[in-house]
Every structure is written in C-alpha cells, then in structure tokens.
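Right, one structure below, let's go through it.
Every number in this text was worked out from the coordinates using simple rules, so none of it is lab data. Note that this is a predicted model, so its numbers are computed, not measured. When we count neighbours, we look across all protein chains shown, and the Cβ atoms used for this are built from the backbone with ideal geometry, even at glycine.
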Amino acid sequence: MTYTLYIGDRMYSSWSLRGWLMLEKFSLPHELRMVGLYSGTMAQDMAALAPARLVPTLTLPDGTVVGETLAMAETLAERHPDAGLWPKEAAHRATARWLCAEMVAGFTALRGDCSMQLSHIWQGFQPSEAVLADLRRIETLFAHARQTSGHASGPLFGTYSLADVFYTPVAARIIGYDLPVSAETGAYCVELLRDPAVLSWQEAAREVTYDPEPYQLDLARRPWVL
Ligand SMILES: N[C@@H](CCC(=O)N[C@@H](CS)C(=O)NCC(=O)O)C(=O)O
C-alpha cells in the first residue's frame with residue numbers, strides 16, 4: 001500500500017513540502033515523482049493526473065487522484081485515524097483545522113512578496129505593511145492555538161500535527177526573509193525548520209540548481225544557518 005506524491009521542486013515549492021511532510025512525518029509509505037515545475041514540462045508531466053494541474057498531487061493506492069493539499073490532508077487523516085495527523089482532542093482538532101484552512105486561504109501578501117526558498121537568508125528585506133499585517137495575524141493564530149492546547153512552546157497542539165505541517169513553509173518564509181516576529185514565534189519557526197525531515201528535504205533541494213535562480217531579489221544574503 002503506497003501513495004504516490006507528485007511534487008515540483010524542493011527548494012521553492014512550499015505546497016510540495018506540505019504534501020510530503022504529511023506523508024513523511026506520519027510514516028505513511030509513499031514514493032515521489034518529480035514534475036517539471038520550472039522546466040516547461042509540467043502540463044505534460046501531469047497529463048495523466050487530469051484534472052489535477054498543480055503540485056502536489058497525490059494518488060491513493062487504488063489510483064484515485066487527489067488534488068489540493070487540504071483535501072490530501074483530510075483524505076490521509078481519514079484513511080489513517082491512528083496516525084495522529086490531526087490532534088486527538090476535538091477542540092484542538094477543530095482549531096488545527098481552522099489554522100490550516102486560514103493558511104490555505106490567506107496570507108496573500110506574505111506569500112506574494114516572500115516566495116519560499118530554503119537556500120539562504122535574505123538580508124535587509126523591507127516587509128510591506130500588508131506583510132506585517134499577515135505576520136500579526138499568524139502570531140494571533142499561533143497564540144490562539146497555544147491557548148487552546150495549553151502548550152506554550154513546541155508543536156502548536158503539543159504533539160506534531162498537520163497544523164505544524166501547514167505552517168512549516170510559513171516558517172521558512174519568516175526565517176528566509178528575516179521577518180520581524182516575537183522571540184517565541186521565531187523559536188517555533190526554527191524548531192519546525194530544524195526537523196530532521198525538513199533538513200533532509202533541504203539537503204535534497206540543494207542538489208538541484210537553476211540558472212537563473214527563481215525569485216531573485218537585489219539584496220544581500222547570508223547562509224541558511226539556524
Ligand atoms: N491550492 C493548492 C496550491 C498548489 C500550488 O499553487 N502549487 C504550485 C507550486 S508551489 C503550482 O503547482 N504552480 C504551478 C502553476 O500555478 O501552474 C494546494 O493547496 O495544493
């Protein structure tokens with residue numbers, strides 16, 4: 001029983017990272033297939049998965065195709081009720097679902113201005129007022145999650161869950177652009193990015209290079225050392 005996850009790129013595809021973490025972190029057997037997100041072959045590579053057209057896309061062992069990361073998360077959680085994808089307690093689970101849904105639907109300024117990259121830390125990035133508002137909202141949601149769960153640090157709901165999966169690429173944006181957040185949020189972001197699974201993903205990401213690199217900024221950079 002193996003899932004197949006189609007991903008685009010490890011360095012820059014935030015959604016691919018989410019799709020992979022929800023399999024990898026919960027020990028769900030899977031194989032990966034690369035899709036040419038930046039090589040111009042994406043439509044061709046994904047033709048057999050139509051009408052899915054974005055990465056990640058998941059296929060279930062029976063061949064069912066599932067697009068959209070949130071749909072994948074719910075499908076995997078339903079198929080593996082004991083794997084702990086969602087928090088055990090109902091109130092925590094409802095809040096975790098809320099955080100994931102708001103992430104998928106929101107933070108458009110942060111996502112638009114600070115494309116995820118796991119290569120280096122930009123120096124001197126000046127966030128717009130809209131990006132700062134997104135950061136405030138993210139910290140409000142984190143505070144609400146922690147108040148609900150009673151866990152002041154570590155995974156938002158005490159045990160690593162889909163909420164942490166969905167906010168890992170958000171953490172990469174916060175760290176990768178050196179964005180202003182509280183010490184607590186910064187520590188949580190670093191913890192998410194120091195996860196051994198994320199580090200192995202980042203290491204594999206470095207094996208692929210692009211010329212020109214996507215999402216360049218006219219800014220100095222420092223090495224990604226956390
Ligand atoms: N809402 C989708 C977003 C997926 C997404 O935007 N993936 C990007 C890569 S990170 C993509 O496939 N872009 C290719 C395109 O837009 O043609 C999800 O939750 O999975």
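Quick notes on this one:
- Residues (more than 13 Å from Leu156 (Cα to Cα) and surrounded by 14 or more Cβ atoms within 10 Å (Cβ to Cβ)) located in the stretch 90-105: Glu102, Met103, Val104
- Residues of the stretch 52-63 that are away from the ligand (no atom under 14 Å from the Cβ) and loosely packed, with under 15 Cβ neighbours inside 10 Å: Pro61, Asp62, Gly63.
- Restricting the stretch 106-139 to residues that are over 22 Å from Ser182 (Cβ atoms) and either without any contact (Cβ under 8 Å) to a residue 12 or more places away in the chain or more than 16 Å from the ligand (Cβ to nearest atom) (or both), the residue that is surrounded by the fewest Cβ atoms within 10 Å (Cβ to Cβ): Gly112
- So Ala152, is it of a type in the set (Gly, Ala, Ser) and crowded, with 18+ Cβ neighbours inside 10 Å: no
- Among the residues of the stretch 10-34, the ones that are more than 8 Å from the ligand (Cβ to nearest atom) and closer than 22 Å to Ser115 by Cβ come to 8 in all.
- Residue count, the stretch 161-180 (criterion: crowded, with 20+ Cβ neighbours inside 10 Å and not in a helix (DSSP H, G or I)): 3
- Check on Gly150, more than 18 Å from Ala101 (Cα to Cα), touching a Gly at 6+ places or on another chain (Cβ under 8 Å) and in contact (Cβ under 8 Å) with a residue 40 or more places away in the chain: no
- Of all residues in the stretch 2-17, those being in a helix (DSSP H, G or I) and under 7 Å from Pro56 (Cβ atoms) number 2.
- Scanning the stretch 64-79 for residues that are over 15 Å from Gly19 (Cα atoms) and either exposed (fewer than 14 other Cβ atoms within 10 Å of the Cβ) or within 10 Å of the ligand (Cβ to nearest atom) (or both) yields a total of 2.
Okay, residues lined up against (1) out of contact with any Lys or Arg (no Cβ under 7 Å at 6 or more places or on another chain); (2) surrounded by fewer than 19 Cβ atoms within 10 Å (Cβ to Cβ); (3) more than 17 Å from Thr75 (Cβ to Cβ):
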{"site": "Thr2", "(1), (2), (3)": "yes, yes, no"}
{"site": "Tyr6", "(1), (2), (3)": "no, no, no"}
{"site": "Arg10", "(1), (2), (3)": "yes, no, yes"}
{"site": "Ser13", "(1), (2), (3)": "yes, no, yes"}
{"site": "Ser27", "(1), (2), (3)": "yes, yes, no"}
{"site": "His30", "(1), (2), (3)": "yes, yes, no"}
{"site": "Arg33", "(1), (2), (3)": "yes, yes, yes"}
{"site": "Gly40", "(1), (2), (3)": "yes, yes, yes"}
{"site": "Asp45", "(1), (2), (3)": "yes, yes, yes"}
